[in-house]
Amino acid sequence: MRKDGERCEVPSGIRLMNLLRGHLEEIMDRERANRTSIHLYCTGAYWVAFERSAYQLRLVFPDSETTPMRLYAYPFPIVMASVSDRSLRSYARRHVPWRDEGDHVTLTVPVFPLSDYQAWHAGEVEGLPLLG
């Protein structure tokens, strides 16, 4: 995890777009088989998680923000959840991350029923417009 107070020169929105542009396929491959982890990616003041990790993040951080989206580079709707760096740091003081790679942290969580994730995902992307 980034050092406390470390400042990023690149704005969060740009970091998020760079993450999606450069690592979307890798992230989605990781999420397809994910049942016991929350993969978080640093975008500056926020950490983001996608798909199954986003579902788990919402369980751990009920006040986290979710964003359903469609990307031209991916054929299916994606759900992203975000949590502030401050909230994640507070949580990390009480729970040791399973793997910390600086801008990518993986937290271990209990296995969840796949049907619960699928129902949550369907509700999150409901009404999302189709790409033209």
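The values are calculated or read from the model by the stated rules, or taken from the named source; none is laboratory data. Fair warning: this is a prediction, and the values are worked out from it, not measured in the lab. Cβ coordinates were reconstructed from backbone atoms using ideal geometry, including for glycine residues, and neighbour counts include every protein chain displayed.
Do you know which residues across segment 32-67 are more than 14 Å from Leu16 (Cα to Cα) and either touching a residue at least 60 places away in the same chain (Cβ under 8 Å) or aromatic (Phe, Trp, Tyr) (or both)?
Residues satisfying the conditions are Arg35, Thr36, Ser37, Ile38, His39, Glu51, Arg52, Tyr55, Arg58, Phe61.
Glu65 versus (1) over 14 Å from Ile38 (Cβ atoms); (2) over 16 Å from the mean Cα position of the chain (by Cα); (3) modelled with pLDDT of 90 or more: which is the lone unmet condition?
(2)
Can you tell me which residue among Ala45, Ala92 is small (Gly, Ala, Ser), more than 17 Å from Val125 (Cβ to Cβ) and within 15 Å of the chain's Cα centre (by Cα)?
From the options Ala45, Ala92, the qualifying one is Ala45.
For every residue, the table says whether it meets (1) at pLDDT below 95; (2) in contact with a Leu (Cβ under 6 Å, 6 or more places away or on another chain); (3) among the polar types (S, T, N, Q).
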position	(1), (2), (3)
Ile14	yes, no, no
Met17	yes, no, no
Arg21	yes, no, no
Ser37	yes, no, yes
Tyr41	no, yes, no
Phe50	no, no, no
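Tell me, yes or no, whether segment 63-80 has at least one residue that is polar (S, T, N, Q) and either touching a Cys at 6+ places or on another chain (Cβ under 8 Å) or part of a strand (DSSP E or B) (or both).
Yes: segment 63-80 contains one or more residues that are polar (S, T, N, Q) and either touching a Cys at 6+ places or on another chain (Cβ under 8 Å) or part of a strand (DSSP E or B) (or both).
With respect to Tyr117, is the statement that it is part of a helix (DSSP H, G or I), among the aromatic types (Phe, Trp, Tyr) and surrounded by 14 or more Cβ atoms within 10 Å (Cβ to Cβ) true?
yes
Output the residues belonging to segment 104-114 that are touching a strand residue (DSSP E or B) at 6+ places or on another chain (Cβ under 7 Å) and either loosely packed, with under 15 Cβ neighbours inside 10 Å or free of Cβ contacts under 8 Å to residues at least 24 places away in the same chain (or both). Let's see the steps before the verdict.
To start, the set of residues in segment 104-114 that are touching a strand residue (DSSP E or B) at 6+ places or on another chain (Cβ under 7 Å) comprises 104-109.
If the condition is that a residue be touching a strand residue (DSSP E or B) at 6+ places or on another chain (Cβ under 7 Å) and either loosely packed, with under 15 Cβ neighbours inside 10 Å or free of Cβ contacts under 8 Å to residues at least 24 places away in the same chain (or both), then Thr108 is the only one that fits.
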